[in-house]
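K.L.:
Sending over a structure as structure tokens; questions will come in a sec.
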Amino acid sequence: MQDELAVVVGGANGIGAAIAERLVADRSCGRLVVADIDMPGVRRQADSLHGRGVEVAEHQVDVCDQGSVDGLVADTADASWLVVASGIFGTDDALSVTRDAFRRAMAVNGEGVFFVVQAYAREMAARGRGSVVAVASVAARVPRVRQVAYGASKAALRQALRVLALEVAGSGVRINTVSPGLTATRMMDQMSADAAAVSNFACGDLSTFRPRIPRGTVALPQDVAAVVAFLLRDAAHMTIQDLVVDGGELLGM
């Protein structure tokens, strides 16, 4: 694995940053590219990973700009592993969400992530090998109050990638998703309007139809990163799967 190239898109912050950290800590790859639209964040993350036995490079990418995506793919076409953790969040309710807000969520979380995966899947299929993991959400599986655009965009991504995974499975390419539940990131801070305090999320909230998390705590980004690393490198016979990382909130459904 020391010669493998891994690319983490959306790797500057949150879950994506934790995934980049995990891959370096485990020496899972010989080379790592951290890509994100947030270039200062990319530089900070890359700086924190240098000198730890893995060659780390930086790249700016806008998943909504096909030219930007094409440039990243051209520079990293030999990638064996791809993680896409890019995404935006909004708290619009279904009766007031605007077309612009809905389209923006779909453009980033749905189309943007899908077409990044599609571009790399082409390269991987041509070589006959590769592994991809994208970050979806439990909001793709269950309705969430004030997450109409976010939930719809993640559901679209989850299903589109299942179809793509099916079509490239015979070419040696595995594509899976992880669906985190509540996770301690800046995105969760945006959700704080749904609870009296962020620390109360794990207790559930009947007013917003949120169940209690059986494990009694929200996830850390590192919890999600561990599952992503497993899917990338160890789960050789797993594809078209969506692994939920939610502390039992969905009760296994």
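The values are calculated or read from the model by the stated rules, or taken from the named source; none is laboratory data. In this text, all values refer to a predicted model and were calculated from it rather than measured experimentally. When we count neighbours, we look across all protein chains shown, and the Cβ atoms used for this are built from the backbone with ideal geometry, even at glycine.
K.L.:
For residues in segment 56-94 being over 26 Å from Ala121 (Cα atoms) and charged (D, E, K, R), which is surrounded by the most Cβ atoms within 10 Å (Cβ to Cβ)?
P.N.:
Asp92
K.L.:
Filter segment 122-141 for residues that are under 17 Å from Ala85 (Cβ atoms) and assigned to a helix (DSSP H, G or I) and give the result.
P.N.:
Within segment 122-141, Val138, Ala139, Ala140 meet the criteria.
K.L.:
A follow-up question, please. Here are some residues: Ser86, Ser68, Ser96. Which one is assigned to a helix (DSSP H, G or I), of a type in the set (S, T, N, Q) and out of contact with any Ser or Thr (no Cβ under 9 Å at 6 or more places or on another chain)?
P.N.:
Unique residue meeting the criteria: Ser68.
K.L.:
Which one of these is modelled with pLDDT of 95 or more, buried (at least 18 other Cβ atoms within 10 Å of the Cβ) and in contact with a strand residue (DSSP E or B) (Cβ under 6 Å, 6 or more places away or on another chain): Ala125, Ala136, Ala152?
P.N.:
Checking each option against the conditions leaves just Ala136.
K.L.:
Let me ask something else. Please state which one of Arg174, Arg215, Arg144, Arg162 is modelled with pLDDT under 95, farther than 18 Å from Ser86 by Cβ, in contact with a strand residue (DSSP E or B) (Cβ under 9 Å, 6 or more places away or on another chain) and basic (Lys, Arg).
P.N.:
Exactly one residue qualifies, and that residue is Arg144.
K.L.:
I'm checking my understanding of the structure. Among residues of segment 4-36 that are surrounded by fewer than 19 Cβ atoms within 10 Å (Cβ to Cβ) and more than 14 Å from Thr76 (Cβ to Cβ), which one is modelled with the highest pLDDT?
P.N.:
Restricting to residues being surrounded by fewer than 19 Cβ atoms within 10 Å (Cβ to Cβ) and more than 14 Å from Thr76 (Cβ to Cβ), the top hit is Ala25.
K.L.:
Moving on. Hey, does segment 191-200 have a residue that's under 27 Å from Glu21 (Cα atoms) and of a type in the set (D, E, K, R)?
P.N.:
Scanning segment 191-200 turns up no residue that is under 27 Å from Glu21 (Cα atoms) and of a type in the set (D, E, K, R).
K.L.:
Which pairs do you get when a residue that is without any contact (Cβ under 8 Å) to a residue 60 or more places away in the chain, found in segment 116-133, comes within reach of a residue that is of a type in the set (Gly, Ala, Ser) and assigned to a strand (DSSP E or B), reach meaning Cβ atoms under 9 angstrom, with the pair 6+ apart or on two chains?
P.N.:
That search, which allows pairs on different chains as well, returns Val117/Ala134; Ala121/Gly130; Glu123/Gly130; Met124/Gly130; Met124/Ser131.
K.L.:
Given Asp242, Asp246, which one is at pLDDT 90 or above, closer than 16 Å to Ala85 by Cα and either acidic (Asp, Glu) or more than 22 Å from the chain's Cα centre (by Cα) (or both)?
P.N.:
It is Asp242.
Conditions (1) within 20 Å of Glu111 (Cβ to Cβ); (2) in contact with a strand residue (DSSP E or B) (Cβ under 8 Å, 6 or more places away or on another chain); (3) of a type in the set (D, E, K, R), marked per residue:
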residue: Glu4; (1), (2), (3): no, yes, yes
residue: Ala12; (1), (2), (3): no, yes, no
residue: Ile37; (1), (2), (3): yes, yes, no
residue: Ala46; (1), (2), (3): no, yes, no
residue: Leu49; (1), (2), (3): no, yes, no
residue: Asp65; (1), (2), (3): yes, no, yes
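K.L.:
Just checking, how many residues over segment 42-55 are crowded, with 19+ Cβ neighbours inside 10 Å and either in contact (Cβ under 8 Å) with a residue 24 or more places away in the chain or among the charged types (D, E, K, R) (or both)?
P.N.:
4
K.L.:
Right, here's the next one. Going through Arg99, Arg144 one at a time, which residue ends up being out of contact with any Pro (no Cβ under 7 Å at 6 or more places or on another chain) and either surrounded by 17 or more Cβ atoms within 10 Å (Cβ to Cβ) or in contact (Cβ under 8 Å) with a residue 12 or more places away in the chain (or both)?
P.N.:
Arg144
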